[in-house]
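Below: one structure, written as structure tokens.
The values are calculated or read from the model by the stated rules, or taken from the named source; none is laboratory data. What you see is a predicted model, and the numbers here were worked out from it, not measured in a lab. Please note: Cβ atoms are built from the backbone with ideal geometry, for glycine as well, and neighbour counts cover all protein chains shown. Note: accessible area is taken over every heavy atom of the protein model, side chains too, but ligands, DNA and RNA are not part of it. Shrake-Rupley method; radii C 1.70, N 1.55, O 1.52, S 1.80 Å.
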Amino acid sequence: MEEKKLDLNSIIGFVLISGILIWMLYSNAPTPEELKEKEKKEQVEKQAKEVKTTTSTVAATPVSDSTKNAAAQAQLGSFGYSATLPSATDNVTEIKNEVLSLKISNKGGYITEATILGFDQFEKNSKKAVQIIKDNNASLDIALNTTDNRTLHTKDMYFEPKVTTEGKNQVLTMQLKAGPDQFLEYRYVLKPNEYMLDFAIRSQGLEKVVDTSKPLDLEWQLKSYRNEKSVSYENRYTELVFEYEDGKDDYLNAAKDSEDEANDVSYIAFKQHLFTSILLTDTKFKTAKFKSDNLVDDEKVDTVFTKNFTAQVPLEFKNGALNYNMNWYYGPAKYEILNDYERNLDEIMPLGWGIFGWINRYIFIPTFGLISSIGIGYGMAIILFTILVRIVMSPVTYKSYLSQAKMKVLRPEIMELNEKFKDNPMKKQQETMKLYSKAGVNPMAGCLPALMQLPVFYALFQFFPSMFDLRQKSFLWADDLSSYDSIYQLPFHIPFYGSHVSLFPILASIAIFFYMKMTTGDQAMSAPPQEGMPDMGKIMKIMIYISPVMMLFFFNNYASGLSLYYFISNLITIGIMLVIKNYIVKEDKIHAQIQENKTKEKKESKFQRKMREMMEQAEAQKAAQKKK
């Protein structure tokens, strides 16, 4: 009962207090006049607050800029001035002509996008233009050693852009400023229809800002994008090339990570198989360091980039200022274009050294260019080019076969001499030489034609990978004569072969098999076995099967244009050999001619006489030793 009373009392108290509060609120409620006055007062206070806020913001602006300037000054010294300019943003400026589009960023002042117009990447049904530079894969940086003991990097600071024109040329100047009249300047000049642009680096008024007592280090870096169908094939021909010491040229090993140094460098090329970027300078770089890192360890995984190139060169001050006139080239690695600049840029092309390069430059490139210019298509141009090469080389083929035929006719007599003088090698050699001399046969005549064909073979091996014109040109089932002609994709990967089947290498391998089958028998019959030497006949018979398999594996990932050439070349050679064998060189006629030669008195040449005398002296000495 006591608890219930307490609860009741609590309820009564709560009701009483609530009533009092309601009465107090009612009694203190403002009149309508008071409410109107209060609303007016709040509106005035609000207006005053807005005015105060605006005033505070305006007053704080100088304070904010002052803080920003101080922070930039503390971080960048005199170059902090550049960070306070309106250009201190990541904006880009585009200059463009009919063949090249370049985007240059305010940050760093260098090219951040280089697009080669009119050429697409390797993907089927893709219209992605070839881009040498994109997505921050390249940089140009100068390390600035300031007088207040700082080392600043231009790639991290902001340049002020200005676009003008000089006639039809577009001019972009990018200035990294330490003050209104103190700056480091990059100057780009793009001309109509040109892959080559003028590029200059100069400084003004930086004598008290930058330490001019020692050169500045410039670093150019490029991580090369894949642009072709086969990443492994493209990577094989992606390399760093440079010219130094008045016309000498060299390159870094494309197969592995490598470094090098050179003096008096006049250009540096980051070559990406069928496209290239080149930095040229009128004032030679006194020294230069080069580095190439191979980025394709596994072609199934590493499919985006091929190489990472780096070049470091010093920029020297003259009278306290920098003044370098240079050029950039962004475009096709095409011999005709590069050669027209007359600055030895054709050396960038891997055409081969010595006579091999000479054959490509002065015979094959002009000839193929003439054939392809008649508009028959590049596949047919390769076939016509192959026919022309084989016709020109047919006299060599004839000489080689004729020599084999003569040796084949003499083989029985040589075998008799081998058996007769098997215990006297010196006498056997003398009698064999006499037989060759009487018959009018030169045993080396078969080797010389083969040696003569080697320069042509190697030159062609270098020619087709360097032919830019074959890029993305189709023929029959091959959609790109500069890359492999896949007809079937394997569900697995075969070491040294790949994961696809190319048809032209198969056809070339079959053709070389029949060619070797047809010629190796004659070679084996013409070359009698020599005592103490391996049986060449057996070796040649083994090579009939090994050579086609090697070709099949080796050329599966190579340019289909090259495989097409070897296929047609072997077919033509087989045809030429059949004509020579069946209609030109007759063994019975050769045998009759040899027998006739034996009856004739043949005058010894000085060389033959000398060789005979040396053998006779050696034989006499050997006989004298036996008597003792």
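Can you name every residue in the range 92-105 that is loosely packed, with under 14 Cβ neighbours inside 10 Å and either without any contact (Cβ under 8 Å) to a residue 40 or more places away in the chain or under 23 Å from residue 228 (Cα atoms) (or both)?
So the first thing to find is which residues in the range 92-105 are loosely packed, with under 14 Cβ neighbours inside 10 Å, and the list is 94, 96, 98.
The answer is 94, 98.
Residues of the range 81-105 that are touching a helix residue (DSSP H, G or I) at 6+ places or on another chain (Cβ under 8 Å) and assigned to a loop (DSSP other than H, G, I, E, B): 84, 88. Taking the criterion of being in contact with a strand residue (DSSP E or B) (Cβ under 7 Å, 6 or more places away or on another chain) and farther than 18 Å from residue 336 by Cα, the only residue of the range 378-404 that qualifies is 379. Taking the residues in the range 291-305 that are within 16 Å of residue 557 (Cα to Cα) and of a type in the set (D, E, K, R) as candidates, determine which candidate is nearest to the chain's Cα centre (by Cα). Taking the candidates together, the pick is 299. In the range 262-287, of all residues being more than 19 Å from the chain's Cα centre (by Cα) and hydrophobic (A, V, I, L, M, F, W, C), the one that is nearest to residue 467 (Cα to Cα) corresponds to 265. Screening residue 530 against (1) part of a loop (DSSP other than H, G, I, E, B); (2) at pLDDT 85 or above; (3) open to solvent by 30 Å² or more (accessible area, probe 1.4 Å) leaves a single unmet condition, (2).
Taken over the range 447-497, residues that are free of Cβ contacts under 8 Å to residues at least 60 places away in the same chain and in a strand (DSSP E or B) amount to 8.
Any idea which residue in the range 290-303 is nearest to residue 318 (Cα to Cα), counting only those that are crowded, with 16+ Cβ neighbours inside 10 Å and of a type in the set (D, E, K, R)? Even if it seems obvious, please write down each step before you answer.
Keep residues of the range 290-303 that are crowded, with 16+ Cβ neighbours inside 10 Å, which gives 290-292, 294-296, 299, 302.
Now narrow it down to the ones that are of a type in the set (D, E, K, R): 291, 299, 302.
On the way: 291: 28, 299: 48, 302: 45 Å.
By that ranking, first place goes to 291.
Residues in the range 97-156 that are among the aromatic types (Phe, Trp, Tyr) and in contact with a strand residue (DSSP E or B) (Cβ under 8 Å, 6 or more places away or on another chain) were compared, and the one that is nearest to residue 75 (Cα to Cα) is 110.
Considering the range 431-452, and only residues there that are more than 48 Å from the chain's Cα centre (by Cα), open to solvent by 40 Å² or more (accessible area, probe 1.4 Å) and at pLDDT below 70, the residue that is farthest from residue 572 (Cα to Cα) turns out to be 434. Of the set (1) open to solvent by 10 Å² or more (accessible area, probe 1.4 Å); (2) touching a helix residue (DSSP H, G or I) at 6+ places or on another chain (Cβ under 9 Å), all apply to residue 108 but (1).
Where helices (runs of 4 or more DSSP H) fall wholly inside the range 355-430, the ranges with 1 or more residues that are touching a residue at least 40 places away in the same chain (Cβ under 8 Å), over 23 Å from residue 451 (Cα atoms) and open to solvent by 70 Å² or more (accessible area, probe 1.4 Å) are 378-420. Remark: residue 97 matches the filter, which requires a residue to be touching a Pro at 6+ places or on another chain (Cβ under 7 Å) and modelled with pLDDT of 90 or more.
From the list 485, 480, the lone residue that is touching a strand residue (DSSP E or B) at 6+ places or on another chain (Cβ under 7 Å) and surrounded by 19 or more Cβ atoms within 10 Å (Cβ to Cβ) is 485.
Working carefully through the options 338, 351, find the one that is open to solvent by less than 40 Å² (accessible area, probe 1.4 Å), within 21 Å of residue 273 (Cα to Cα) and modelled with pLDDT under 90.
On the way: 338 fails: modelled with pLDDT under 90.
Matching residue, one of 338, 351: 351.
Can you find a residue that is out of contact with any helix residue (DSSP H, G or I) (no Cβ under 9 Å at 6 or more places or on another chain), of a type in the set (Ser, Thr, Tyr), assigned to a strand (DSSP E or B) and closer than 30 Å to residue 211 by Cβ anywhere in the range 328-349? No; the residues of the range 328-349 include none that is out of contact with any helix residue (DSSP H, G or I) (no Cβ under 9 Å at 6 or more places or on another chain), of a type in the set (Ser, Thr, Tyr), assigned to a strand (DSSP E or B) and closer than 30 Å to residue 211 by Cβ.
Candidates 183, 159: the one that is buried (at least 21 other Cβ atoms within 10 Å of the Cβ) and without any contact (Cβ under 8 Å) to a residue 40 or more places away in the chain is 183.
Taking the range 128-159 as the range and being over 30 Å from residue 273 (Cβ atoms) and in a strand (DSSP E or B) as the test, the residues that pass are 143, 144, 145, 146, 151, 152, 153, 158. Scanning the range 311-334 for residues that are hydroxyl-bearing (Ser, Thr, Tyr) and surrounded by fewer than 22 Cβ atoms within 10 Å (Cβ to Cβ) yields one hit, 324.
Note on the range 189-279: enclosed strands (runs of 3 or more DSSP E) holding 2 or more residues that are in contact with a Leu (Cβ under 8 Å, 6 or more places away or on another chain) and in contact (Cβ under 8 Å) with a residue 24 or more places away in the chain are 196-204, 216-225, 238-244, 258-272.
Residue 262 meets each of the listed conditions (1) farther than 30 Å from residue 463 by Cβ; (2) among the hydrophobic types (A, V, I, L, M, F, W, C); (3) surrounded by fewer than 21 Cβ atoms within 10 Å (Cβ to Cβ) apart from (1).
From the list 168, 214, 229, 248, which residue is crowded, with 16+ Cβ neighbours inside 10 Å and among the basic types (Lys, Arg)? Spell out the reasoning first.
Working: 168 fails: crowded, with 16+ Cβ neighbours inside 10 Å; 214 fails: crowded, with 16+ Cβ neighbours inside 10 Å; 248 fails: crowded, with 16+ Cβ neighbours inside 10 Å.
That would be 229, the only listed residue that is crowded, with 16+ Cβ neighbours inside 10 Å and among the basic types (Lys, Arg).
Taking first residues from the range 554-565 that are over 18 Å from residue 299 (Cβ atoms) and in contact (Cβ under 8 Å) with a residue 12 or more places away in the chain and partners that are crowded, with 24+ Cβ neighbours inside 10 Å and β-branched (Val, Ile, Thr), the Cβ contacts under 6 Å between residues at least 6 apart in sequence or on separate chains come to 561/382; 564/382; 565/382.
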